[in-house]
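The values are calculated or read from the model by the stated rules, or taken from the named source; none is laboratory data. Bear in mind that the values here come from a model prediction, so they are computed numbers and not experimental data. Cβ atoms come from the backbone with ideal geometry, glycine included; neighbour counts cover every protein chain shown. Note: areas computed on protein heavy atoms with side chains; ligands, DNA, RNA excluded. Shrake-Rupley method; radii C 1.70, N 1.55, O 1.52, S 1.80 Å.
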Amino acid sequence: MDVAIVKYNAGNIYSVVNALRRLGIEPLLTDDAEQLRKADRVLFPGQGEARGAMKYLKARRLDEVIHDLKQPVFGICVGQQLLCKHSEEGDVDCIGVFDAEVKRFQPQRHEDKVPCMGWNHLHDVKGSLFEENSFVYFVHSYYVPVCSDTAAVVDYILPYSAAMHKGNFYACQFHPEKSGKVGEQIMKNFLAL
């Protein structure tokens, strides 16, 4: 199986590379449109800032390439956010697969810390990629509100989209590559689609 990881100016790419290697997959890290189009699976992970990431993607027209991919695509963390239509982070238009706006957390109480960092449980899970009550690792300051494409919900300050799904696009706000055996199973589920 040919697995490609979208290369753009974002962090945390190599933890996803290593997670795939542990599963026996040697992924291709690329920003080449043709290699992304011909891969069997595409992962779109990352940590970083939305405006800078979109600038890189748009300069190479990768925003259009990613939007039009037909094989299973898996956005992780900033990858999920960039698959939405707009982000408050840098007030930037994104790829637009999911008809949702990315919002910044607004603490409501003293104990509400931003960024959200730590482990939490998924609930209201839809589909076969994620499991109800999975305990997974998050680190982020922006979130996607619950919407029609939400595939799992988590509660931190408010309920929000821990995962999303639309057609061949899957995404999660948490880091499966840092979520132990549960995260490993999610990666296996994606590869098996």
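Under 9 Å between Cβ atoms, which residue pairs at least 6 apart in sequence (or on different chains) link something in the range 108-131 that is on the phi > 0 side of the Ramachandran plot with a partner that is among the polar types (S, T, N, Q) and surrounded by 15 or more Cβ atoms within 10 Å (Cβ to Cβ)?
ASP124/THR150
Those residues that are among the charged types (D, E, K, R) and assigned to a loop (DSSP other than H, G, I, E, B), I need them from the range 78-100; list them, please.
In the first step, residues of the range 78-100 are kept if they are among the charged types (D, E, K, R); the result is 85, 88-89, 91, 93, 99.
Across the range 78-100, the qualifying residues are GLU88, GLU89, ASP91.
Looking only at the range 75-96, count every residue that is crowded, with 19+ Cβ neighbours inside 10 Å and either over 16 Å from TYR170 (Cα atoms) or in contact with a Lys or Arg (Cβ under 7 Å, 6 or more places away or on another chain) (or both) and tell me the total.
So the answer is 3.
Given the range 1-57, what strands (runs of 3 or more DSSP E) lie entirely inside it while holding 3 or more residues that are surrounded by 16 or more Cβ atoms within 10 Å (Cβ to Cβ)?
Per the criteria, 3-6, 41-44.
Based on this model, can you work out whether SER128 counts as open to solvent by 50 Å² or more (accessible area, probe 1.4 Å), among the small types (Gly, Ala, Ser) and touching a helix residue (DSSP H, G or I) at 6+ places or on another chain (Cβ under 9 Å)?
Working: open to solvent by 50 Å² or more (accessible area, probe 1.4 Å): yes; among the small types (Gly, Ala, Ser): yes; touching a helix residue (DSSP H, G or I) at 6+ places or on another chain (Cβ under 9 Å): yes.
Yes; evaluated as a whole, the condition is true for this residue.
For ASP149, are the conditions met, namely being acidic (Asp, Glu) and surrounded by 18 or more Cβ atoms within 10 Å (Cβ to Cβ)? So that I can check it myself, show each step before the final result.
On the way: acidic (Asp, Glu): yes; surrounded by 18 or more Cβ atoms within 10 Å (Cβ to Cβ): yes.
Judged against the criteria, ASP149 is a match.
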